[in-house]
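Input: a single structure, listed below in structure tokens.
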Amino acid sequence: MGTALSGGSGSVGAGTRDGEDRPRAVGPATADRDGVGDTDRTRVRRLPDLAVHDRAVLHAVLDAGRVAHLAIADGAQPYALPVAYARDGNRVLVHGSTGSRLFRHLAAGAPACLTVTLLDGLVLARSAFESSMNYRCAMVLGSLAVLNGDDKLAGLERLSEHLLPGRWAQVRPPSPKELAATLLLALPLDECSLKISAGPPDDPEDDLDRPVWAGVVPIMENYGIPQPDPRLRHDLPPPEW
């Protein structure tokens, strides 16, 4: 089964064949790349018709996600770590412990790759080969900068408001000790790419008569019923998200 989530070679599935009926990218993919996917390292080579070059669409994808995978190489060994993140203008903010080896490397200027993938649906085709996924995938390359002082506090508020809207004004702010134990890093959206796959399966004509259900099963993220802390001492309503 092909997923084709990255711009590299080797992925198969919906959209791999030449043809006018294959899944198309959502959003404009114009000649004006707006700084998205315009370098050799970020140009989408596999299924280039799924590349989107509109910065507003890139921002929308990043704003819709909450978890990114941040990868670096420590010598010959690559590492990838899931991190909470938030877009702040034309940069992405991530935070971690000052005791984290990964974050110490990042704070020292190690080159990194941050990837956000939103899975929108399973594409059920009439063959295993053409079965795939609908997704929105953003990749950002670069080095991260350490934020300090007022920039750090404002960045932590931005991160909190992205993940937990409205909570920053209600909860206790970070103490000096907590701030000292936290690294806040910013990755500029200077070198990035965006790839989006959407639409029905791309079955060949000779598979259409097979007695197999085909289509898309949407995947949606929803909030569940809030579960109060057993030690909650006040009768307060949960967030209305």
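The values are calculated or read from the model by the stated rules, or taken from the named source; none is laboratory data. All figures in this text were calculated on a predicted structure; none of them were measured in a lab. Cβ coordinates were reconstructed from backbone atoms using ideal geometry, including for glycine residues, and neighbour counts include every protein chain displayed. To get the accessible areas, we keep the full protein, side chains included, count just its heavy atoms, and leave off ligands, DNA and RNA. Shrake-Rupley method; radii C 1.70, N 1.55, O 1.52, S 1.80 Å.
On C-alpha positions alone, give me the angle between the axis of helix 55-64 and the longest principal axis of the chain, in degrees, nearest 10.
Approximately 70 degrees, to the nearest 10.
Quick check: Cα centre of region 187-223 to Cα centre of region 49-88, how many Å?
Each part's Cα centre sits 19 Å from the other's.
With every protein chain kept in the model, how would you rank 158, 41, 231 by accessible area, 1.4 Å probe, largest at the top? Walk me through the numbers on the way to the answer.
Numbers: 158 75, 41 145, 231 185 Å².
Per-residue accessible area, sorted high to low, gives 231, 41, 158.
Project the alpha carbons of region 91-131 onto their principal axes and report the range along each, largest first, in whole Å.
Cα extents, longest axis first: 50, 19, 17 Å.
Quick one: if you stick a label point 7 Å off each Cα along the C-beta vector at residue 110 and residue 128, how many nm between them?
Going by the 7 Å Cα→Cβ label model, 3.8 nm.
Measure off, as a whole percent, the carbon and sulfur share of the 1.4 Å-probe accessible area of region 178-235, all protein chains present.
Values: 2280 of 4150 Å².
Carbon and sulfur: 55 percent of the exposed surface of region 178-235.
Over the Cα atoms of region 47-146, what radius of gyration and what Dmax do you get, in Å?
In Å, with Rg to one decimal and Dmax whole: 15.8, 50.
Probe of 1.4 angstrom, ligands and nucleic acids ignored: what's the accessible area per residue over region 92-241, in square angstrom? All intermediate terms of the calculation are to be shown ahead of the outcome.
Working: 8950 Å² over 150 residues.
Per residue, region 92-241 has an accessible area of 60 Å².
Grab the Cα-Cα distance for residue 80 and residue 207, subtract it from 0.36 nm times how many residues apart they are, and report the gain in nm with one decimal.
Working: separation 127, 0.36 × 127 = 45.72 nm, distance 3.91 nm.
Separation in residues times 0.36 nm, less the Cα-Cα distance, equals 41.8 nm.
Between residue 220 and residue 34, what is the spin-label point distance in nm, taking each point 7 Å from the Cα along the Cα→C-beta axis?
Placing both labels 7 Å beyond Cα along the Cβ direction yields 2.7 nm.
Have a look at 157, 178, 191 and tell me which one the Gaussian network model of the chain (Cα, springs below 10 Å) gives the largest fluctuation.
Looking only at 157, 178, 191, the biggest GNM fluctuation is shown by 178.
Against the longest alpha carbon principal axis of the chain, how many degrees, from 0 to 90 and to the nearest 10, is the axis of helix 149-163 turned?
50 degrees
So for 221, 130, what's the accessible-area order with a 1.4 Å probe, most first?
Numbers: 221 145, 130 5 Å².
Per-residue accessible area, sorted high to low, gives 221, 130.
Any idea how far apart residue 229 and residue 172 come out in nm if each label point goes 7 Å out from Cα toward Cβ?
So the two model labels end up 0.9 nm from each other.
Report Rg (one decimal) and Dmax (nearest whole number) for region 171-241, counting Cα atoms only, units Å.
Rg and Dmax of region 171-241, Cα atoms, are 24.2, 67 Å.
With a 1.4 Å probe and all protein chains in place, put 205, 240 in order of accessible area, largest first.
Largest accessible area first, the residues go 240, 205.
Enter the accessible area of residue 139 (Å², nearest 10), with the probe set to 1.4 Å and all protein chains included.
Roughly 50 Å² of residue 139 is accessible to a 1.4 Å probe.
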